[in-house]
Amino acid sequence: MTTFILDAIARGGYLGIFLLMALENIIPPIPSEVIMGLGGMAVARGDMAMLPLLLWGTAGTTAGNYFWYAVGRKFGYQGLRPFVDRWGRWLTVEWEDVEKLHRFFRKHGGKTVFIFRFMPTFRTMISLPAGMACMPRWRFFLATFTGSIIWNAVLAYAGLWLGSNFEQLDHYVGPVAIAMSVAIVVAYIYRVVTWKPRAQR
């Protein structure tokens, strides 16, 4: 994966950063932590400049998230009902939960999208309910771009600080990302095991 990212950056430059960051939000296994970290290292070597790196990277993040926003907007939250009715046990939700989430998102969607840009996994997933709630596009773009550019700057400056030593970047960022992913999986398994429909509570 690292070799693939390095090759894309070397061949594509800023456009390569844009495409990688867009793909990272459509195909989550491509990690933004590594992409922007390596971009920061390229800045340290003098191969890139920080401002274009951040702008191209954040534009890619925004484009990738818009893909899921557009999917959510096309189907709408009512389109989820057959899926929730059938798979609600494994989703640990009922339709009433979806309606509550929809109302919350209509009221606080902008702040929610902005905050979720700093959370692994959820920063991509949040775009789907944003589209389903028909959040105004300008608000979605604003919240996504501003939150993402802050997070991308943290990653890029970490790469700049660590210079060309990728192992150090992986040492700091990798364990945190893994720990958070494990915590999310454990929390989900616990919720599935303990969840009961309202009628049985």
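Would you please state which residues of region 73-99 a label at residue 191 would reach in this model, taking the label point 7 Å out along Cα→Cβ and a backbone N cut-off of under 16 Å?
Under 16 Å, as judged by backbone N against the label point of residue 191, lie 84-85, 87-99 of region 73-99.
Between beta-carbons, use under 11 Å as the cut-off and find the net charge around residue 124, counting Lys and Arg +1, Asp and Glu -1.
Spelling it out: positives minus negatives among the neighbours equals +1.
Sorted by average packing, counted as other Cβ atoms within 10 angstrom per residue and highest first, what order do 127-138, 92-103, 55-66 take?
Final packing ranking: 55-66, 127-138, 92-103.
Starting from the Kirkwood radius over alpha-carbon pairs of the chain, derive D by Stokes-Einstein at 25 °C in a medium of 0.890 mPa s and give it in µm² s⁻¹.
Translational diffusion coefficient: 136 µm²/s.
Given the peptides 18-26, 72-80, arrange them by the average over their residues of other C-beta atoms within 10 Å, most packed first.
Sorting 18-26, 72-80 by mean packing, highest first, produces 18-26, 72-80.
Hey, what angle do you get for helix 95-116 against the long axis of the chain, alpha-carbon based, 0 to 90 degrees rounded to 10?
20 degrees
Relative to the longest principal axis of the C-alpha atoms of the chain, give the angle of the C-alpha long axis of helix 166-194, reported between 0 and 90° and rounded to the nearest 10°.
The answer is roughly 10 degrees.
By how many degrees, between 0 and 90 and to the nearest 10, does the Cα long axis of helix 2-26 differ from the longest principal axis of the chain?
For helix 2-26, the angle is close to 20 degrees.
Can you give the net charge of the other residues whose Cβ lies under 15 Å from the Cβ of residue 61, counting K and R as +1 and D and E as -1?
Surrounding charge for residue 61 is 0.
Read the figures in this text as sums done on the coordinates, not as results from a lab. All figures in this text were calculated on a predicted structure; none of them were measured in a lab. No Cβ is skipped: glycine too gets one built from the backbone with ideal geometry, and neighbour counts run over all protein chains shown.
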